[in-house]
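The values are calculated or read from the model by the stated rules, or taken from the named source; none is laboratory data. Since we're looking at a predicted model, the values are computed, not measured. Side chains included, ligands, DNA and RNA excluded: accessible areas come from the protein's heavy atoms. Shrake-Rupley method; radii C 1.70, N 1.55, O 1.52, S 1.80 Å.
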Amino acid sequence: MASVVLSEGEKLYIVHGVQEDLRVDGRGCEDYRCAEVETDIVSNTSGSARVKLGETDILVGIKAEMGTPKLEKPDEGYLEFFVDWLVY
């Protein structure tokens, strides 16, 4: 997992926000945004989902296909994965 380096000012901003029950978007620390999840949205994919979280709307489609074995490795096949996503 990548580490994130925060300046002292950023650390204080976060700590004070928690202490004062504030977030940047105006919600309190215990306020949540409604989440909606739909699956099998896109018919020509192996799998797809749409997630709405507040004003954020994400659509993801995944395709997986079996590949033909290469001549030098006839006993080994492979999978190809394609992932497309939109955030709007």
Inset, instruction - Pull out a ≥ b ≥ c, the square roots of the eigenvalues of the alpha-carbon gyration tensor of the range 8-62, then state rounded if a/c is under 1.5, prolate if not and a/b is larger than b/c, and oblate in the remaining case. - result: prolate
Legend entry - Helix-only CD estimate at 222 nm, as mean residue ellipticity for the chain, using -39500 (n - 2.57) per DSSP H run (n ≥ 4): -4000 deg cm²/dmol
Legend entry - Carbon/sulfur fraction of accessible area - the chain, other protein chains in place, 1.4 Å, %: 57
Legend entry - Cα centroid separation - the range 66-88 against the range 13-55, whole Å: 32
